[in-house]
Structures are given as C-alpha cells and as structure tokens.
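These notes are about the structure you will find just below.
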Amino acid sequence: MAEITAKDALNHDEIRRLRLDARRRYLRDSYVLWRRNPITVVGTLIILTLLLIAAAAPLLATHDPYNQILAERLLPPSADYWFGSDNLGRDIYSRVIHGSRLTLMIAILVAITSGPLGLMIGVVAGYLGGAVDEILMRVADIFLAFPKLILAIAFAAALGAGLENAILAIAIANWPGYARLARAETLAVRNSDYIQAIRVLGAGRLRIMFLHVTPMCLSTLIVRVSLDMGAIILIAAGLGFLGLGAQPPSPEWGLMVSDGRNYIVDQWWVSTLPGTAILIVVLGFNLVGDGLRDILDPHQRQS
Amino acid sequence: MDARVTNQPLLRVEDLCIRFYTLRGVVHALDEITLHVNTGESVGIVGETGCGKSITARGILRLIDPPGRIVKGTVNFEGTDLLSLSERDIRKIRGSQISMIMQEPKMSLNPSMRVGKQVAETLMVHDRSLNKRAARAQALEMLAAVAIPDPGRMSRRYPHELSGGMAQRIMIAMMLVTRPKLLIADEPTSALDVTIQAQIIDLMNDLIEQIGSSVLMISHDLGVVAETCDRVIVMYAGNVVESGRVTDVLRDPQHPYTQGLLKTLPDQVDADDVLFSIEGTVPSLLAPPTGCRFAPRCPHVMERCRVEVPPITPLSSDHDVSCFLHEPG
C-alpha cells in the first residue's frame, strides 16, 4: 500500500495550532476593522444598550406600563414621569422601556420566518431551474414590484389587525429579497464539482438541495438579514402607527406615536419620545449593518 | 491481464450519441460510440482534451445536463439499459454499482462538510436503514483502507485542510466504500503532483483488486494507461478510432492518430530534440468535417477520407480500427 508523504503527515498538534491561530487572527482583524470605524462602534453600542434595556425592562421601568391614572394625564416630563405621561395617564418612560422587548421580538420573529422561507424558495428555484424557477421568481417579482411597506400594509389589513398578523405580513413582504439572494448563490454552486460528485454518488435532489447547497447560502443570507433589521423595525412601527400592528394597550412604539398625534402641538412629548426611540434603534441597526458588511468583506482585510 | 478478467461484458455502450444544443449550434460531442468493459477488466480511454472522454463517462451515468442530450444509443449494464431507467432507479445504480472518481479532488469535496461525514454519506444515500454510527464506523474503516493516517482525527478535517493527495484518497474512499462493480476514474491523477500520482494509482489498483471492481480509466497519460489497463480505447473528436489490448495498440498502433499520439511521447529525453506534435488542431464539433474527422490532420489522407466515414474494421479478435487504410480486401 502507498506510503504517506511528509506533506500529508503534518503533525496533528501542528494542524490544530495553525487552525487556532488562523481563527484568532481572523477575530483580531475583525476587531481592528470594527474599531477603525467609529460609526460601527456607535451602532454596536446602541444595539447592546437596546438588548440590555430589553433584558432588564422590569428593573428599569419606574411605573407599571399599563397602569392608567387619569388624573395625571398628559403631564410634561418631570422627576416622577421622566418622559411625561400620555393621554391615559400612563408613564411614557416605562412604556418605552417595555416597548423595546416588543421591538426586538418583532425583528427576530420576522428574521427567523422570512429568512428560512426565502432561503428555501431561492434554493429550490435555483437548483431545479426551468419552469419551477420561472414560476417562483415571477411570484417573487410580483412581490418586489410593491414597496415593502405598502405590501405589508395590504397583508396586515387582509389578515386583520394584531401583532402576530403584522409579523406575518412583514415576513411575507420580506422573503422575495432573500429568495433572490439564495437563488443567486445556488446558481453559483450548483455546477460546482462537489455537487457533481454527490450526484455521481446517487444522492437525490432533496438531499443535494438541503444538505449541500443550503449551507453555502447561509453566510450571505445572515448578513443580508442583519442589514434588513432596521427596515423591519421601521415597517413594524409603521403598521403599529396605522393601527394594523400591535393593539392597545400594548406599549409598541409605533402605536404610542399614533396615540400622541392629537396632542403633538401642546404635549409634544407623547409622540416625540417613542418616536426618538424608533429613530435611535433603527439608526443603530443600520450603522451596524454597514459596518458588518465592511468587516465581512474579504477585500478590506488586505490592508 | 490477470485471472479475474472474463469475457462477460459488464458494461456495453452501443451507438451512444450525445449532442449539446447551444445557441451557436449543435455540438456533436459524441458520435455513435461503441465500447464495452468486461467483468474484472480495466479499460483505458485516451485522447486529447475535448475528444469526448469525460462526456462518455457522464453519459454512462446519465449525468448529462441541458443543453446536452443523449440523442440515441444504449448503455447496457449487467443486462439493463441504463438509458431507459427511471430517475429513481438510475440513482440507485449511481454510487452503489457504478462510481466515478473525478479530476479535481479538492474541488469535488463539499467545502463545508467534514470529510468523514462525506464518506459516510455515500453509505447513507444508498441505505436509509443505516444509522449514523454504523455509517461512520464503516467510513473510518474505509479511510484506513485508503491509507489515511489516524482516520479518527483526519475524518474531522475539512477539505481545505487536506493536501491534494489526501483529498484524492478521501474521494477514492467515498467512491469505493459501497464496493461498486464498475469504477470510472476520470483523470484521477492529472491534478496531482507527479510524486503522488504513482501512489494514488497503486492505491487504486490495490483496492480495486480487493473489491473486484472493473475499471474504466479516462486519461490522457498513456503511461498510466499502459501500466494499469488491459485494453485501451483511443478517441478522437467524439469518435472511437482504435481499440484493443493495451499491448497490441500501444506497441503496434494502426490508426494514424494513435501513431501520432504515441510519437508525441518524449522517449529518452535529449535536450536538443524537438518534441513531435500532430499538425493542426482538433476540429470544431459544431461543424465536424464530413467523412473521417481526423482527415484534415492525417498524414495518409486519401480522397475518400474526406467524404465517407471509415467503418470499424476488426484487425484481430480484439483489435478494431476505424480507418480506410485497413479496409478488408
């Protein structure tokens, strides 16, 4: 039987050390790229703060977000009501704090429903090709022909108002972008040698699509979904504002902006402060998204 | 030729025609190929790049993707015509009865999957009742059989962590773990360093002998074919021009193309020698020349070569040539 060459017989500890080294270097380079761009750092801090606030909401809130004290309605910001009180006498600060949980939940649920859905449709379209591809991609085109917000409004209205339906509506409006992306990746790998090799072995289409093609699409898709987070939150707030998303009395930010719009001239804080929360969080996600693209871009790593 | 070789045909390809319907026209990639592999036999296919060697291999497994199409012919494997099987049935044959080792070992392994899992997957594709553990155990055994040191740890590597030779061993393990009756090797060593080529060829031959597979070896390396094969098939521009026992064909080539091919081999290298080359280039298969496809480059070309296709003429019991120079009578 054949001998083992010196090249092949690299000692295992050596290999492990090299592997660890490479990983460590990658992380260090990522950190440098992250630090180099102050905007990304700001974005990251905003998201981290949001996560902390959501995790510690009951501790940070000064009042019960649902408790109405009608005698103390529409009070300006003060030592007791940090962000003032709304038209039903609820503490706006506490409601903004609790609203962070809703915002995160919406963003995550949309990501984990529309992401895999788009991924699956894209891989199937790209791998099978032909009529299946044509039909799935034309359907995607139809969805992409409308602005996402308009589409989400239409679906939310058709499904009926409510937080779950709003999440579903946003997910439906979101998948075509992911499907397009996954299809493009699939087309790039479907003719590669290793897919041919697995076909030679007698693997069926399902096995090839889900075990061999899908993993190759994951990394691009994850980046894309994280870039979309800001937009998802904005659409969710938009639906809440229009009364198609979260329903009263839940402390959803879009809904709170809507509640305060009758008082905007005299009691500006009722709408403005939840609105500012939306602004900051969306900004945070967008900044991180941009930074993430730079960090993961191999070309940036050369320098 | 060793004792295992029988005259029982395991694989019989007849009149196989494969065409590619491209926007620029129809490419006649394979034109009525006829060949056979007997049980226990090693058959080599040689020819220049683009003469249809790989297409033949893929045609046998029915892995021709659009715009390519198998236009006519039969691929008879152990009495069943593979071309008439359903997609599901041909899949059962692929990988379990007929396997194929590919040219670029590193590109032919899934970069995101540990190599041990890939070997185990071959087994699991064909035997759904097999559990992961048993498949893994068999895969490890196979890795040991292809002389991979410390299979337990190597099986957890990813393809990019392996050298070309190691990757080709993994590939061989993947393709032979199911003990196929026929192994197609599509230039198994051309992507490897010369020093490793011999090792891989030896390893392959050892395993094939143990398993008792027949081999269809595609190569443009006449040396490899001479060393490992019993019979050789010479292809040119989508046609079989000569076939026969390796010893007959390589020692006493009858077709002008085979003669030219053998002359291109540098024998005892003398630095001042100019390497021999066959004049001209392989014709475009978009519009193949009428008559013999080698006619434009042939030193013995006759008037009729440009008009008629030379028939396959048997010279002896197992040596066929397709050339008017050898027409009977």
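Screening A:GLY177 with (1) away from every other protein chain (no Cβ under 14 Å); (2) in contact with a helix residue (DSSP H, G or I) (Cβ under 6 Å, 6 or more places away or on another chain) gives one miss only, at (2).
Only residues that are at the interface with chain A (Cβ under 7 Å from one of its Cβ atoms) and charged (D, E, K, R) were counted across the range B:92-123, and they come to 3. How about the range B:130-168: which of its residues are within 21 Å of B:SER108 (Cβ to Cβ), loosely packed, with under 14 Cβ neighbours inside 10 Å and either within 28 Å of the chain's Cα centre (by Cα) or among the hydroxyl-bearing types (Ser, Thr, Tyr) (or both)? Scanning the range B:130-168 gives a single hit, B:HIS160.
Among the residues of the range A:41-61 satisfying the criterion of being modelled with pLDDT of 90 or more and either hydroxyl-bearing (Ser, Thr, Tyr) or assigned to a loop (DSSP other than H, G, I, E, B) (or both), which is farthest from A:GLY99 (Cα to Cα)? Among residues in the range A:41-61 that are modelled with pLDDT of 90 or more and either hydroxyl-bearing (Ser, Thr, Tyr) or assigned to a loop (DSSP other than H, G, I, E, B) (or both), the one farthest from A:GLY99 (Cα to Cα) is A:THR44. Pairs linking a residue in the range B:291-315 that is in contact (Cβ under 8 Å) with a residue 12 or more places away in the chain to a residue that is in a helix (DSSP H, G or I) and of a type in the set (Lys, Arg), with Cβ atoms under 6 Å and 6 or more positions apart or on different chains, are B:GLY291/B:ARG306. Taking (1) within 24 Å of B:LEU222 (Cα to Cα); (2) within 10 Å of another protein chain (Cβ to nearest Cβ); (3) not in a strand (DSSP E or B) in turn, B:ILE184 satisfies each apart from (3). Scan the range B:89-127 for residues that are among the hydroxyl-bearing types (Ser, Thr, Tyr) and over 23 Å from the mean Cα position of the chain (by Cα) and the total you get is 1.
Applying the condition of being in contact with a Gly (Cβ under 6 Å, 6 or more places away or on another chain) and part of a helix (DSSP H, G or I) to the range A:62-105 and asking which residue is nearest to A:ASN165 (Cα to Cα) yields A:ILE92. Sub-9 Å Cβ pairs linking a first residue in the range B:194-213 that is surrounded by 14 or more Cβ atoms within 10 Å (Cβ to Cβ) to a second residue that is of a type in the set (Asp, Glu) and part of a loop (DSSP other than H, G, I, E, B), at least 6 apart or interchain, are B:ILE196/A:ASP8; B:GLN197/B:ASP221; B:GLN199/A:GLU3, ordered by first then second residue. Would you mind stating whether B:ILE148 is more than 7 Å from chain A (Cβ to nearest Cβ) and in contact (Cβ under 8 Å) with a residue 40 or more places away in the chain? Against the criterion (more than 7 Å from chain A (Cβ to nearest Cβ) and in contact (Cβ under 8 Å) with a residue 40 or more places away in the chain), B:ILE148 does not qualify.
Every condition in (1) within 14 Å of chain A (Cβ to nearest Cβ); (2) part of a helix (DSSP H, G or I); (3) touching a residue at least 24 places away in the same chain (Cβ under 8 Å) is met by B:ALA226 except one, and the failing one is (1). Within the range A:1-29, residues that are away from chain B (no Cβ under 11 Å) reach partners that are modelled with pLDDT of 80 or more with beta carbons closer than 9 Å, at six or more positions or on different chains, in the pairs A:ASP29/A:ILE295. Among the numbered conditions (1) within 22 Å of A:PRO147 (Cβ to Cβ); (2) in a helix (DSSP H, G or I), the only one that A:ARG207 does not meet is (1).
Please verify whether A:ILE47 is surrounded by 15 or more Cβ atoms within 10 Å (Cβ to Cβ), aliphatic (A, V, I, L, M) and touching a residue at least 40 places away in the same chain (Cβ under 8 Å), treating the condition exactly as stated.
So A:ILE47 passes the test.
For the range B:195-223, what are the residues that are within 12 Å of another protein chain (Cβ to nearest Cβ) and either within 30 Å of B:VAL26 (Cα to Cα) or β-branched (Val, Ile, Thr) (or both)? If the condition is that a residue be within 12 Å of another protein chain (Cβ to nearest Cβ) and either within 30 Å of B:VAL26 (Cα to Cα) or β-branched (Val, Ile, Thr) (or both), then B:THR195, B:ILE196, B:ILE200, B:ILE201 are the ones that fit.
Residue-wise test of (1) farther than 26 Å from B:MET142 by Cβ; (2) in contact with a strand residue (DSSP E or B) (Cβ under 8 Å, 6 or more places away or on another chain); (3) part of a helix (DSSP H, G or I).
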| site | (1), (2), (3) |
| --- | --- |
| B:MET166 | no, no, yes |
| B:PRO180 | no, yes, no |
| B:GLU209 | no, no, yes |
| B:MET217 | no, yes, no |
| B:VAL234 | yes, yes, no |
| B:GLN254 | yes, yes, no |
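Report the residue count in the range A:84-102 for those that are under 22 Å from A:ASN174 (Cα atoms) and surrounded by 24 or more Cβ atoms within 10 Å (Cβ to Cβ). Residues in the range A:84-102 being under 22 Å from A:ASN174 (Cα atoms) and surrounded by 24 or more Cβ atoms within 10 Å (Cβ to Cβ): 0 in total.
Beta carbons closer than 7 Å, at least 6 apart along the sequence or on distinct chains, pair a first residue in the range A:198-226 that is within 9 Å of chain B (Cβ to nearest Cβ) with a second that is acidic (Asp, Glu) for A:MET216/A:GLU185. How many of the residues making up the range B:75-111 are among the hydroxyl-bearing types (Ser, Thr, Tyr) and either at positive phi or surrounded by fewer than 16 Cβ atoms within 10 Å (Cβ to Cβ) (or both)? Within the range B:75-111, residues that are among the hydroxyl-bearing types (Ser, Thr, Tyr) and either at positive phi or surrounded by fewer than 16 Cβ atoms within 10 Å (Cβ to Cβ) (or both) number 3. Are any of the residues in the range B:90-97 touching a residue at least 40 places away in the same chain (Cβ under 8 Å), more than 30 Å from B:LEU222 (Cβ to Cβ) and not aromatic (Phe, Trp, Tyr)? Scanning the range B:90-97 turns up at least one residue that is touching a residue at least 40 places away in the same chain (Cβ under 8 Å), more than 30 Å from B:LEU222 (Cβ to Cβ) and not aromatic (Phe, Trp, Tyr).
Does B:ALA57 satisfy being in contact (Cβ under 8 Å) with a residue 12 or more places away in the chain, under 23 Å from B:GLU161 (Cβ atoms), among the small types (Gly, Ala, Ser) and crowded, with 16+ Cβ neighbours inside 10 Å?
no
Taking the numbered list (1) within 13 Å of the chain's Cα centre (by Cα); (2) modelled with pLDDT under 85 in turn, B:THR195 passes all entries but (1). (1) under 21 Å from A:PHE285 (Cα atoms); (2) surrounded by 13 or more Cβ atoms within 10 Å (Cβ to Cβ): which one isn't true of A:ALA56, the others all being true? Only one criterion in (1) under 21 Å from A:PHE285 (Cα atoms); (2) surrounded by 13 or more Cβ atoms within 10 Å (Cβ to Cβ) is unmet by A:ALA56, namely (2).
The values are calculated or read from the model by the stated rules, or taken from the named source; none is laboratory data. From a predicted model like this one, the values you see are computed outputs, not experimental measurements. Cβ coordinates were reconstructed from backbone atoms using ideal geometry, including for glycine residues, and neighbour counts include every protein chain displayed.
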